[in-house]
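Notes follow once the structure below has been shown.
Rule-based calculations on the coordinates, nothing more; no lab input. Computed from a predicted structure; not experimentally measured. Backbone-built Cβ (ideal geometry, glycine too); neighbour counts: all protein chains shown.
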């Protein structure tokens, strides 16, 4: 139970060395520094920066979306907090224009709620998703709070609470015009939230877009799924759950620490990460500043992780990966059974990557077999050739291949609902 405390002590012990490495990299690389003229200065600077980046702390990055380009014109974007809960903030990226025609056009565009994963990385991992969606939509996103920053007095947070958060966010934005995009892990609680709302007779979103999520992990199990199946639940609690140390607001809260999650991410492809860091060193030595900057941007995001509430994490392991309660029709939340067949007025689009090694093929598509109340003309599926997990929502393949289909799907069902109304 002292692992988290030992990790914090290690960070404190490494801090002076990290600061020294940062200073060394600048001294041997800065223009005008006499040290940069010494033989081998470029190698020393590169080595110091590599040491600095391996040892430094990575804080939550900013979204940094200040403008969006549409049809060759740039429009300013302001990040606004719409709703705040102890474990999550609902953010909106609001676009502005300086002429009445464009303002009217933007107001008529459909609102989209992007539900980001609460699974290690911050919501900023979906920066490219949000920036692309802003071309044609009013965009909201769930920005999950690092559990170590939430005081223990705020109480526990489990998977059922996650579902209730999604319900509240949908109601806050307004389900009658809303389209919901869930990326990876939240496909399960999003489907649960909309199912419960439909069963109660509440208004549900116009469409659901589910991307690379574990709706039914019995389909094409991956390495991630196998770990959850072959280890007993007590193993996860005994080895991966630790109390937050006293130097954080969430002191005493039980969490799955971000540094353990990060270690798991790296362990899935250790050779690739080692090669990437060696390539970074070589780029610095050779003066290839563009590739070096690309490495920094990627790892500034990849290495920034958050702690997950223990109750939520253990619930997810048990309900989603071990007992498969959603596809088996056995999941109940506060006495209400989660029945996706109750969804009737919401269109459904599922998206999977051909090479996804986190959510295997068929796991997301399984939503179609559960949502029997959705008419055939309101459901679609896309398998993205050559795409891994991240490629379906970020990068060139997302922007050029996936997004146009998502945009057109949302537009069709936004127009169809308007015509029906």
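If I stretch the segment between residue 344 and residue 286 completely, what's the gain in nm (0.36 nm per residue apart, minus their alpha carbon distance), one decimal?
Contour length minus Cα-Cα distance gives 15.0 nm.
Per-residue counts of other Cβ atoms within 10 Å, averaged by peptide: what ranking do you get for 287-296, 30-39, highest first?
287-296, 30-39
What percent antiparallel are the DSSP beta bridges of region 277-421, to the nearest 5?
If we restrict to bridges inside region 277-421, about 25 percent are antiparallel.
May I ask you to work out the translational diffusion coefficient for region 106-249 at 4 °C, viscosity 1.567 mPa s, via Stokes-Einstein with Rh from the Kirkwood sum over Cα pairs, reported in whole µm²/s?
Here the translational diffusion coefficient equals 76 µm²/s.
How much of the pair distance distribution for region 283-324 lies past 17 Å, counting alpha-carbon pairs only, in percent?
58
With both partners inside the chain, how many of the DSSP beta bridges are antiparallel, as a percent to the nearest 5?
50
Running a GNM on the chain with Cα contacts under 10 Å, which residue among 17, 211, 83 ends up with the highest mean-square fluctuation?
Highest fluctuation of the listed residues: 17.
Please tell me the relative contact order of region 347-397 in percent, rounded to the nearest whole number, where contacts are Cα pairs under 8 Å and at least six residues apart.
This gives 53 percent for region 347-397.
In deg cm²/dmol, rounded to 500, what helix-only [θ] at 222 nm does the chain give when every DSSP H run of at least 4 residues adds -39500 (n - 2.57) and the total is split over its residues?
Taken over the chain, the calculation gives -12500 deg cm²/dmol.
Of all the C-alpha pairs in region 1-91, what % are more than 20 Å from each other?
Tail of P(r) above 20 Å: 64 percent of Cα pairs.
Where both residues lie in region 1-160, what percent of DSSP beta bridges are antiparallel, nearest 5?
So the antiparallel bridges in region 1-160 amount to around 80 percent.
Subtracting the Cα-Cα distance from 0.36 nm times the residue separation, let me have the gained length for residue 337 to residue 34 in nm, one decimal.
The span from residue 337 to residue 34 would gain 102.0 nm if fully extended.
Could you state, as a whole-number percent, how many of the C-alpha pairs of region 289-421 are farther apart than 26 Å?
For region 289-421, the fraction of Cα-Cα distances above 26 Å is 43 percent.
Per the Debye formula with a single identical scatterer at each Cα and no solvent contribution, what log10 I(q)/I(0) holds for region 305-367 at q = 0.14, 0.16, 0.28 Å⁻¹?
Result of the Debye calculation: -0.58, -0.75, -1.18.
Any chance you could check the Cα centroid distance between region 390-415 and region 168-244 for me, in angstrom?
20
Against the 2.2 N^0.38 Å scaling, with N counting residues, where does region 14-154 land? I'd like the Cα-based Rg ratio to two decimal places.
Output field value: 1.48.
I need to check one value: relative contact order of region 182-282, counting alpha carbon pairs closer than 8 Å and at least 6 residues apart, in percent.
17
Which value, to two decimals, describes the C-alpha radius of gyration of region 248-308 once divided by 2.2 N^0.38 Å?
Taking the Cα Rg and dividing by 2.2 N^0.38 Å, one obtains 1.44.
How many nm is it between the label spots at residue 99 and residue 26, if each spot is 7 Å from the Cα in line with the beta carbon?
It is 4.5 nm.
How high is the relative contact order of region 147-234, given as a whole-number percent (alpha carbon pairs under 8 Å, six or more residues apart)?
Worked out over region 147-234, it gives 29 percent.
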